[in-house]
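Q: Could you have a look at this structure, given as structure tokens, before my questions?
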Amino acid sequence: MSFEFRFSPEKIRPEVIVAVWLIFGAAHFFPLRAGEISKLYGLDSRPESKTYLNMPSRADGTLPPLLSQTGAFKDTRNLVPADGLIPYDLIVPFWSDGAAKSRWISMPEGKIKFAATGEWVFPKGTVFIKTFELPVEDTDTNVKRRLETRLLVCDATGGVYGAVYKWRTDNSDADLLVTNLTESISIKTTTNVRTQQWYYPSRQDCLTCHTANAGDVLGVKTRQLNRDFTYPSGVTDNELRTWNHLGLFDTNLDKPDLNTLPKLARLDDPTRSLEDRARSYLDANCAQCHRPKGTVAYFDARYDTPLVAQNLIDGPVLIDERIDNSRIVAPNDIWRSLLYLRANTTEAFKMPPLARNTIDEHGMNLLRQWIESLPGPPVLPPPMISPAGGNYAKPVEVVLKSEPGAVIRYTLDGTVPTTSDLLYKKPVPLANPTILRAKAFKPGFTKSVTSQEIFLIGQ
């Protein structure tokens, strides 16, 4: 007995086709060619990389004098990385005076000691490469000048050391710096040219932030790499997923794990709260120092630490900068929030104190929005004093301004104004050297912090 099977596709109901597709999978009907499935990842396989590249295994070894001799690039002028390098990026980069950064890792044999929170531990011989390019035209940020490339080496002693290479103006190569350096960079504006100072750190400067307490390597961790990245192949993939596929970790991450792992929030991510975005910014820019056993301060900037345990909101300050009732973050009061004030200045008490010569306007706008969203009474801004203090050959009249309904009290002897001091009604004439201080008051509002200007008249 024999049977004949006649297949009539037109007689199969559509829902049956869908069911079979879901049960057996598309690959059963359209087999993938050898190696094709790997293209779902950012990289096909783990690239071979030379341990330490051409860098010494210890900080006291002889460093290559040229970037082209480090082994980081096979075409230095065009920034074509060596075959063993893996490109990567962070969710929230450290603010570097507006510079764009390109990053690579050279990973020898061995595994990264993975941690869902906190820092990772990298094999000895791992090298991180980061190139800085600064936009030099305000009207076209794509026009950049290449400034420096930094290498961070995980050395044979279990620590790290850094090396900084300053690019030549023709981009032919970059020279090793033996100490720090400040350079004036010309930036074209819409009407003129302005100058921006760029600080090239010394090798010792590198270790100011890259400390053992901070895990030596900064930025390369779960909460920063849990993001999509477009690889040179054109494939876009989650960086953790690709690194896991390459076998870089000492553990295996299942795909569902990515959704449960911590992830910082971009400054401009509308799907994340102001709090999340602000804490992510602080994690990237402050947490390397502001953590337990770190710098002398009372707060912990790490995103991994719950907000209630960070000691940020209403947290006490070590140095009050002569501001009454100052806090790390004073709810709804940017003028008493020292975290904001020190990040929003380039004066001597700025934070971070090293290698920052400009203000991150986008970051400061985010911090201000977050602080002003915190529940607290309305706060008066400090009175405006006009003209500004300085040297004057002749007597001047000083005008004080505040919000409508507020009264201004002022002193001329440098003391802090109180409600019993001089009441401002009209311009204040000054004929002698004077320290003028002013404060605003209004019912239902927190009094302002003190404004101050120093006038040197007839000196």
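Q: When the dipole is taken about the Cα centre of the range 75-171, and only Lys, Arg (+1) and Asp, Glu (-1) are charged at their Cβ, what size is it in debye, to the nearest 20?
A: Using only the charged Cβ atoms, the result is roughly 280 debye.
Q: Follow-up question, since we're still on this one. Output ³J(HN,Hα) for the range 286-298: one whole-Hz value per residue in order, computed from phi by the Karplus curve 6.51 cos²θ - 1.76 cosθ + 1.60 with θ = phi - 60°, and x for Gly and Pro.
A: Computed from phi, the couplings for the range 286-298 are 10, 5, 5, 10, 8, 7, x, 6, x, 5, 6, 6, 9 Hz.
Q: Sort the following peptides by mean Cβ neighbour count (other Cβ atoms within 10 Å, averaged over residues), highest first: 185-193, 158-166.
A: Numbers: 185-193: 10.6, 158-166: 20.0.
Put in order of decreasing packing, that is 158-166, 185-193.
Q: Mind running the shape call on the range 125-238? Use the C-alpha gyration tensor, a ≥ b ≥ c as the square roots of the eigenvalues: rounded below 1.5 for a/c, prolate if a/b tops b/c, oblate otherwise.
A: oblate
Q: If you don't mind, there's one more thing I want to ask. Provide the per residue accessible area, probe 1.4 Å, for the range 365-459, rounded to a whole number of square angstrom. Provide the component values of the computation, followed by the final result.
A: Values: 5240 Å² over 95 residues.
Computed with neighbouring chains in place, this is 55 Å² per residue.
Q: I would also like to ask the following. Once you charge only the Cβ atoms, +1 for Lys and Arg and -1 for Asp and Glu, what is the size of the charge dipole of the chain about its Cα centre, to the nearest 20 debye?
A: Charge dipole, the chain, about its Cα centre: 520 debye, nearest 20.
Q: Moving on. State, to one decimal in nm, how far the label point of residue 78 lies from the label point of residue 386, with both points 7 Å from Cα in the Cβ direction.
A: In this crude spin-label approximation the distance works out to 5.7 nm.
Q: So, one more: Taking the chain as the reference, fit the longest principal axis to its C-alpha atoms, fit the long axis of helix 14-24 to the helix C-alpha atoms, and give the angle between the two in degrees, 0 to 90, nearest 10.
A: Its long axis makes an angle of about 90 degrees.
Q: Also, I was wondering about something else. In whole angstrom, how far apart do the alpha carbon centroids of the range 89-118 and the range 430-459 sit?
A: Taking the Cα centre of each part, the range 89-118 and the range 430-459 sit 47 Å apart.
Q: If you don't mind, another one. Taking a ≥ b ≥ c as the square roots of the eigenvalues of the Cα gyration tensor of the range 277-377, is the shape rounded (a/c under 1.5), prolate (a/b larger than b/c) or oblate?
A: rounded
Q: Which of the residue pairs 144/263; 130/255; 188/350; 130/188; 74/221; 144/188 have a Cα-Cα distance greater than 18 Å in the structure shown?
A: 144/263; 130/255; 188/350; 130/188; 74/221
Q: Would you please give the residues with an amide H less than 5 Å from that of residue 185, counting only those at least 5 places away or on a separate chain, with H modeled from the backbone geometry?
A: 196, 197, 198
Q: Continuing with the same structure: Can you find, among 386, 224, 370, the residue farthest towards the positive end of the dipole of the chain? Put +1 on the C-beta of Lys and Arg, -1 on that of Asp and Glu.
A: 386
Q: Quick one: with all protein chains in place, what share of the accessible area of the range 70-131 is carbon or sulfur, to the nearest percent (1.4 Å probe)?
A: 50
Q: Give me the percent of Cα-Cα pairs in the range 50-108 that sit more than 16 Å apart, rounded to a whole number.
A: Of all Cα-Cα distances in the range 50-108, 54 percent exceed 16 Å.
Q: For the range 200-286, what class follows from the C-alpha gyration tensor (a ≥ b ≥ c being the square roots of its eigenvalues): rounded when a/c is under 1.5, otherwise prolate if a/b is larger than b/c, else oblate?
A: The shape class here is oblate.
Q: Under a point-charge model restricted to the Cβ atoms of Lys and Arg (+1) and Asp and Glu (-1), what is the dipole moment magnitude of the range 164-250 relative to its Cα centre, in debye to the nearest 20?
A: 300
Q: Divide by every residue of the chain the summed helix terms, -39500 (n - 2.57) for each DSSP H run of at least 4, and state the resulting mean residue ellipticity at 222 nm, rounded to the nearest 500 deg cm²/dmol. Please list the in-between numbers first.
A: Numbers: 9 runs with 69 residues, N = 459.
Helix-only estimate at 222 nm: -4000 deg cm²/dmol.
Q: Could you rank the peptides 439-452, 382-395, 275-288, 51-64 by their average count of other C-beta atoms within 10 Å per residue, with the highest value first?
A: Per-residue Cβ counts within 10 Å, averaged per peptide and sorted highest first, yield 275-288, 439-452, 51-64, 382-395.
Q: Next question, about the same structure. If R₀ is 45 angstrom, what is the calculated FRET efficiency for the pair residue 394 and residue 175, using the beta carbon separation as r and rounding to 0.05?
A: Working from the Cβ atoms, E equals 0.25.
The values are calculated or read from the model by the stated rules, or taken from the named source; none is laboratory data. All values derive from a computational prediction rather than experimental measurement. No Cβ is skipped: glycine too gets one built from the backbone with ideal geometry, and neighbour counts run over all protein chains shown. Heads up: the accessible areas ignore ligands, DNA and RNA and are worked out on the full protein's heavy atoms, side chains in. Shrake-Rupley method; radii C 1.70, N 1.55, O 1.52, S 1.80 Å.
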